[in-house]
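The values are calculated or read from the model by the stated rules, or taken from the named source; none is laboratory data. A quick note: this is a predicted structure, and the numbers were derived from the prediction, not measured. With ideal geometry, Cβ positions are generated from the backbone for all residues, glycine too; neighbour counts draw on all protein chains shown. SASA here: full protein model, heavy atoms, side chains in, ligands and nucleic acids out. Shrake-Rupley method; radii C 1.70, N 1.55, O 1.52, S 1.80 Å.
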Amino acid sequence: MINVIGLGYIGLPTALMFAAHGVEVVGTDYDKNLVTTLNKGKTTFKEEGLDDLFSNAMKAGVSFTTEYQTCDTYIVSVPTPYDKCSKKIDPAYVVAAVESALDVCRQGSIIVVESTVSPGTIDKYVRPAIVGKGFAIGKDVHLAHAPERIIPGNMIHELTSNNRTIGADDPQIGERVKELYSSFCVGEIAITDIRTAEMTKVVENTFRDINIAFANELAKICHSDGMDVHEIIRIANKHPRVNILSPGPGVGGHCISVDPWFLVGDYPELARLIRNARETNDSMPEFVLARASEIMKENDIEPSEVGVYGLTYKEDVNDVRESPTLQMVDSMKRHLSSEPCKVYDPWVENDIVPNQVHSMDVFLENLRMVIVMVGHSQLKRDLSVFDGLIVLDTRNVCGDGENVHKL
Ligand SMILES: NC(=O)c1ccc[n+]([C@@H]2O[C@H](COP(=O)([O-])OP(=O)(O)OC[C@H]3O[C@@H](n4cnc5c(N)ncnc54)[C@H](O)[C@@H]3O)[C@@H](O)[C@H]2O)c1
């Protein structure tokens, strides 16, 4: 049996996937409400295919509890935030979860850290915690790191098809963990040491962040001198060795906007490009706001006539963590108006920001301008909802109409 600890965006689908593929699984989370919801047969977030997977896993006997289980394999999938001042990882959740597993584990158990951690975190924080509790690593318990790479919006497919990395002290333990993930993963599974696995995952997200930052910096340069960044990128990408990403309103979520900071925090003198990229991406909500102000001035639009479409950090998910819209709404309050703009996101049912509305009709009332922050499929399917409005389209999804402004 395996015990998946942490049943959030990563732990829940992972637990379900194991269960649906014949592995005996108990999921543990210390959030009682979350466990109660799952035990009532309801999923806790929206994701394509999650409800079907949940129902298959329930039929296969998956269960959820707040208790840590006595078993021989633990998968730790808890948050790994960074400290906003030092930029270093906050390993407290991972360490606490591993300690809880140690309280109940069998002799010879394998503890697999799935959470994304900065290189050296397991050496610096997890090993001392294990040794501190009197366990011999490699004898009483074994350690492995299997960082997750899936993207919200396509998680179920990617869990099955993505290649994976497994870091382990002992290659035989790596093989056992590989065999476990092979119950559902058909991608290639590379086995390496723990530190390499830690670094590889962080590097992957950093690569993405830097490439996004390049596109965003181009958007700023082009705008400053009246050039069309989208046309330039379109033509440049016809070069066989050029593949520039699209600029956007910033980077959010729990991965790309977080993990590069780990490298900045640990290698401040060396990670200069990485820091610059992070800062460039973090500056984009302000840039969007500056663009909005220009357009409002040109068209004599009042802040109360502007609405923001999209609150999540990407399309077709309900995850708002680190979302560019949250940052922008916050700045907007300071710069544009004491009355916050209306905000609408068809994927977000809870009230997250002031003046959030929950239907497109209410959103459109008295609106003259909309800032599109997320290109949800609902919008792409029917762009006519914004007919007659001035649109600031930060995702390049609203076509080329004369009222549509791009970054
Ligand atoms: N969300 C993503 O898209 C994504 C993608 C790849 C990797 N990751 C990484 O996966 C890890 C988990 O991220 P997430 O998005 O699933 O986080 P999350 O916040 O959605 O879920 C974490 C869960 O862990 C629970 N938890 C925390 N400490 C616990 C403990 N000691 N015992 C029991 N439960 C505990 C919390 O209650 C929460 O439900 C992070 O390291 C993240 O960087 C996330």
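At-a-glance table
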| item | result |
| --- | --- |
| Those aspartates and glutamates that a straight Cα-Cα span of less than 18 Å connects to K32, excepting residues fewer than 8 apart in one chain | E67 |
| Spatially proximal lysines relative to K342 (Cα-Cα < 16 Å; intrachain offsets below 8 disregarded) | K333 |
| Carbon + sulfur, % of accessible area of the stretch 29-137 - ligands and nucleic acids excluded, 1.4 Å | 49 |
| Reach of K297 by Cα under 16 Å, taken over aspartates and glutamates that are not fewer than 8 positions away in the same chain | E305 |
| Relative contact order [Cα under 8 Å, 6+ residues apart], the chain, whole percent | 11 |
| Student exercise, the chain dipole from Lys, Arg, Asp, Glu Cβ charges, in Debye to nearest 20 | 740 |
| Selection from V98, L53, T160 lying farthest towards where the dipole of the stretch 2-192 points positive, charges on Cβ | V98 |
| Solvent-accessible area of D259 with every protein chain in place, 1.4 Å probe, in Å² to the nearest 10 | 0 |
| Fraction of antiparallel bridges per DSSP, the chain only, in percent to nearest 5 | 5 |
| Rg to Rh quotient for the stretch 192-297, alpha carbon positions, Kirkwood Rh | 1.04 |
| Per-q log10 I(q)/I(0), the stretch 1-67, q = 0.13, 0.18 Å⁻¹ (Debye; single scatterer per alpha-carbon; no solvent) | -0.27, -0.53 |
| GluC sites (Glu not before Pro) restricted to the stretch 175-221 and DSSP loop, no more than 10 other C-beta within 10 Å | E188 |
| For the stretch 2-192: rounded, prolate or oblate by the Cα gyration tensor [a/c cutoff 1.5] | rounded |
| Heavy-atom accessible area order for V117, V95, V242, largest first, 1.4 Å probe | V242, V95, V117 |
| Rounded to the nearest 10 Å², the accessible area of C255 at probe 1.4 Å | 50 |
| Semi-axes of the equivalent ellipsoid for the stretch 20-126, Cα gyration tensor, largest first, Å | 27, 18, 13 |
| For the chain, diffusion coefficient by Stokes-Einstein and Kirkwood Rh (Cα), 25 °C, 0.890 mPa s, µm²/s | 108 |
| L218, L159, ranked by accessible area, largest first (probe 1.4 Å) | L218, L159 |
| The stretch 198-259 - convex hull of the alpha-carbon atoms, volume per residue in Å³ | 82 |
| The chain: DSSP helices with Cα axial extent of at least 20 Å and average Kyte-Doolittle hydropathy no lower than -1.0 | 194-224, 284-299 |
| The stretch 187-277: trypsin sites (Lys or Arg not before Pro) in DSSP loop, at most 15 other beta carbons within 10 Å | K238, R241 |
| Entries of K314/K380; K178/K201; K88/K201; K88/K124; K84/K314; K46/K88 with Cα pairs more than 20 Å apart | K84/K314; K46/K88 |
| Cα gyration tensor shape of the stretch 158-249, rounded if a/c is under 1.5, else prolate or oblate by comparing a/b with b/c | prolate |
| Accessible area (Å², 1.4 Å probe, nearest 10) - E67 | 110 |
| Long-range HN-HN contacts of I191 with modeled amide H, under 5 Å | I166 |
| Solvent exposure ordering (accessible area, 1.4 Å, most first) of W347, W261 | W347, W261 |
| Rg/Rh (Cα only; Kirkwood hydrodynamic radius) as it applies to the stretch 268-407 | 0.98 |
